[in-house]
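Peer 1: Input: one structure, supplied below.
The values are calculated or read from the model by the stated rules, or taken from the named source; none is laboratory data. Keep in mind that this is a model prediction, so the values were computed, not measured. For neighbour counting, all protein chains shown are included, and Cβ atoms are generated from backbone atoms with ideal geometry for every residue, glycine included. Accessible surface areas use protein heavy atoms only, side chains included; no ligands, DNA or RNA. Shrake-Rupley method; radii C 1.70, N 1.55, O 1.52, S 1.80 Å.
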Amino acid sequence: MLEGMTDTINSFGYLGIFLLVLIAPTPPEIVLPFAGFLAAQGKLSLPYAILAGVLGCTLSIVPWYLAGKYLGERRLKVFARRNRKWLKLSFGEIERAKYWFDRHGGKTVFFSRPIPSIRTLIALPAGISGMRFLPFLFHIVSGEVLWQTALAYAGYLLGSRYEVVIWYTAPIARIAVVMLLMILLFWIIRRNRSAR
């Protein structure tokens, strides 16, 4: 994966960064540190590299928001049941994302940017709940700017050791997911007790 990514960025520059985070299964935690490394070598401009990453990630999330808004919760759940093999989305995942969004609102969209498994999925309940598009976009873009700037700048500072960023960000994402699951489990247990 790293070889394909480096070839794409070396060949297409900012467009390569944009496309990698937009349509390829390459997370920004891998792409942006490498872009920062190239910026440190003078091959890319750091602000433009960050801008390309932010635009790519933002545009990859908007269709999920629109699906939530225009398909609605019921149709999405039916669709997820029928198309699990290629959609990679389950009924339970839609439920969990909706719970988090209902509980924390727009700030969930902002704070989910560093968490790979949540950052795209959270757009569904944002659309389902009728969150207005401009506030949704504001939370996505502001969160992406902060996260991708941190990733690219870390790659810039680390130079050829930019892969260290990947090593550090992966556990952070895992810890965040575990914490979210523990809170969800606590909520389910509490809800079951109060239902008795």
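Peer 1: Filter segment 100-111 down to the residues that are modelled with pLDDT of 80 or more and crowded, with 24+ Cβ neighbours inside 10 Å and list them by number.
Peer 2: Across segment 100-111, the qualifying residue is only V109.
Peer 1: What is the residue count in segment 121-135 for residues that are crowded, with 19+ Cβ neighbours inside 10 Å and more than 19 Å from R96 (Cβ to Cβ)?
Peer 2: Within segment 121-135, residues that are crowded, with 19+ Cβ neighbours inside 10 Å and more than 19 Å from R96 (Cβ to Cβ) number 0.
Peer 1: It is to be established whether one or more residues within segment 158-169 are at pLDDT below 60, open to solvent by 80 Å² or more (accessible area, probe 1.4 Å) and among the polar types (S, T, N, Q).
Peer 2: Yes, the conditions are met somewhere in segment 158-169.
Peer 1: Select the helices (runs of 4 or more DSSP H) contained entirely in segment 1-77, then report the ones holding at least 3 residues which are over 26 Å from A123 (Cα atoms) and not charged (D, E, K, R).
Peer 2: Here the list reads 2-12, 28-40.
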